Amino acid sequence: MRRRTVAAALLVFACGPTPKPPAKPEPRGLSAPRVVPGALDARRVLGDVPERAQGAGAGPLAVVASGQMVDDERLGAFVEPPPEMCLLAYARGSSSLEDLDLAAFSDEGNPVAVDGGRDPRPTLLVCPPHPDRLYLAMHAAHGEGLATLGAQLVPKDRAQEVAKAVGARGALGGTPRRSDEWPGLSELVAQRRAALGGRWEEIHRVTLALDMRAPSMMPLPIDADQCTDVVVVPDDDVGSLDLEIVDAENRSLSRARDTTSSKGLTLCSAAQIAATLVVRPHIGRGNAAVVLSRARGDALKDMSTAEVAWGATTLPLERTGATQEAALAKAGYGGGSKPARGTLAIGRRTRLVVEASASGCTRVDVVAGAPLAMFSARAADETGVVVGTAEGADRLALLVCGRPRVFVDLDVRGSPGPFSLATRKEPWQDAAFVARPLATSRMLTRLLSGPAQLLEGTPGQVRALAVEAGKVASFDENIPAGRCVRFAAGSEGEGTGVDLRVFDADDWEELDRGSGVRATAVRACAAVKARRVKVEVSLSAGRSDVVVAMRAL
């Protein structure tokens, strides 16, 4: 009994009253954050550049401009260097600013020196003779953050040491020559326009500073359904120019391929593009005159000798493919094959087997999706004979004739990305197309126009000619009143340099002339009455089979 009483007492003691939780502290009122007047220290992003420059002989630092910058923002101010001194200028930013550009301009707005390299450390050294006043401007090409533009004076005899100490690029002395003072510039532009064909309007002339150690860049905005032609003529101090047009993602849209001292590029686009012209000499430092001209997109139909690039797409593959299908259906093409899809990579060739037509021509359309840009196609039959070639920025059309099956090789040289390939019957058929497939493919490619690469107008006479250097093949043709006709020629064989000329058959007035390595095209029109014309075809060297065809517009 006693044991039970003790156990009960212990149980009561163990299960005694529950202790109360500790009381919560009374909340206190929160104070507002302390605001400290001031600004970010702009000098911190310059690092040790001012000290290195001073150690090599430069004067003290002056902060020209500073502040928070976002993509495509610009900051700058005027600086007045003494006539006998060099001016060192540099822009630096926080690590979130991945690309800064720097330029020095004269009062007239002409660039005196440019460092447009794709890095966040642009540096310029401008030495006498230079303008009395320079406008220094930095541009946030990519990224956002704090940026500072600094400047220091440098004695001329210490210029090389200072440039080496801070890694100055784009160093350039002298007042740039005005573009309208360039000897023979207007004649060169007129010759290029005549060679291009079409109607062009000049929109800009500027002098661009060049340095072999860094590319020079200038904006090249292109409107929708517009072609822009660029002519770059360097002075005697620079040579072997590299000329390129890139888009906002630095994808190559076009490169100059000629070997002359003056260079030109023509870029067309169905959509608006924020492009950039990039110029870099392999030799020397100096200046170049840049002349920009524009034309409507349909001017491409009349361009006979220029290599024209089309701006790449920024749209996904589904949208570009649907747009192309709609354009082909509107042009009267039948339904295509089920698209084959894939991805093109730089340095790797993609091969597809394509079923075609042995009795006629097959149209092969390759369409790009962003970011694919600048690619080419080559079709060969089962014996390895090439029967068609084409290239494009965001799409291409390859015409294959007289082969039941071909192997299509795709290569990219701009930017990798997705593609789709579809085939359909080409309505324009002729016996000469099957007999001379490669010449036909080249000829038809010259007649394609517009972003959808369509054959416009009514098909006319087709001729197959055997042409050799030193001899001219010719024929006559009638043009109805109020109509225009385009003649195109494509060759296959060992011969090179196709020349196509069209004359008025009555008074021998030359109406148009075109030339190309393997293909070219010309245009002739009749006004109020019909006109008879004579068409001449010749080669620069060798012998080739040439297919010449016409379409009435």
Going through R285, R257 one at a time, which residue ends up being modelled with pLDDT under 80 and either surrounded by fewer than 15 Cβ atoms within 10 Å (Cβ to Cβ) or not charged (D, E, K, R) (or both)? R257
Please verify whether the stretch 421-438 includes one or more residues that are assigned to a helix (DSSP H, G or I), under 29 Å from the mean Cα position of the chain (by Cα) and in the same structural domain as L396 (by TED's automatic domain parsing). yes
Which listed residue is of a type in the set (G, A, S) and closer than 24 Å to T520 by Cα, from G384, G369, G402, G414: G402
Could you grab the pairs with beta carbons closer than 6 Å, sequence gap of 6+ or different chains, first residue in the stretch 254-276 and over 19 Å from G392 (Cα atoms) and among the small types (G, A, S), second one in a strand (DSSP E or B) and modelled with pLDDT of 80 or more? S262/V233
Let me confirm something: among C525, C484, which residue is free of Cβ contacts under 8 Å to residues at least 60 places away in the same chain, more than 23 Å from V434 (Cα to Cα) and more than 29 Å from the chain's Cα centre (by Cα)? C525
Report every pair of residues separated by at least 6 positions or lying on different chains whose Cβ atoms are under 7 Å apart, first residue within the stretch 460-480 and under 20 Å from G497 (Cβ atoms), second of a type in the set (D, E). A464/D545; A466/D545; V472/E536; S474/E536
State which residue is nearest to E355 (Cα to Cα) when the search covers only the stretch 370-410 and only residues that are part of a strand (DSSP E or B) and of a type in the set (K, R). R405
Cβ-Cβ under 9 Å, sequence separation 6+ or interchain: first residue in the stretch 285-296 and under 7 Å from T228 (Cα atoms), partner outside any strand (DSSP E or B) and of a type in the set (K, R). Which pairs? S293/R192; S293/R193; A295/R199
Among the numbered conditions (1) part of a helix (DSSP H, G or I); (2) of a type outside the set (V, I, T); (3) touching a Ser or Thr at 6+ places or on another chain (Cβ under 7 Å), tell me where S66 comes up short. (1)
Among what's in the stretch 498-524 and is closer than 17 Å to S540 by Cβ and in contact with an Asp or Glu (Cβ under 6 Å, 6 or more places away or on another chain), pick the residue that is modelled with the lowest pLDDT. S515
Yes or no: the stretch 167-178 includes at least one residue that is assigned to a helix (DSSP H, G or I) and either at pLDDT 75 or above or crowded, with 16+ Cβ neighbours inside 10 Å (or both). no
Before we move on, is V238 more than 20 Å from L267 (Cα to Cα), crowded, with 21+ Cβ neighbours inside 10 Å and not small (G, A, S)? yes
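The values are calculated or read from the model by the stated rules, or taken from the named source; none is laboratory data. If you're wondering where the values come from, they're calculated on a predicted model, not measured in any experiment. Note that we place each Cβ from the backbone using ideal geometry, even for glycine, and neighbour counts take in every protein chain shown.
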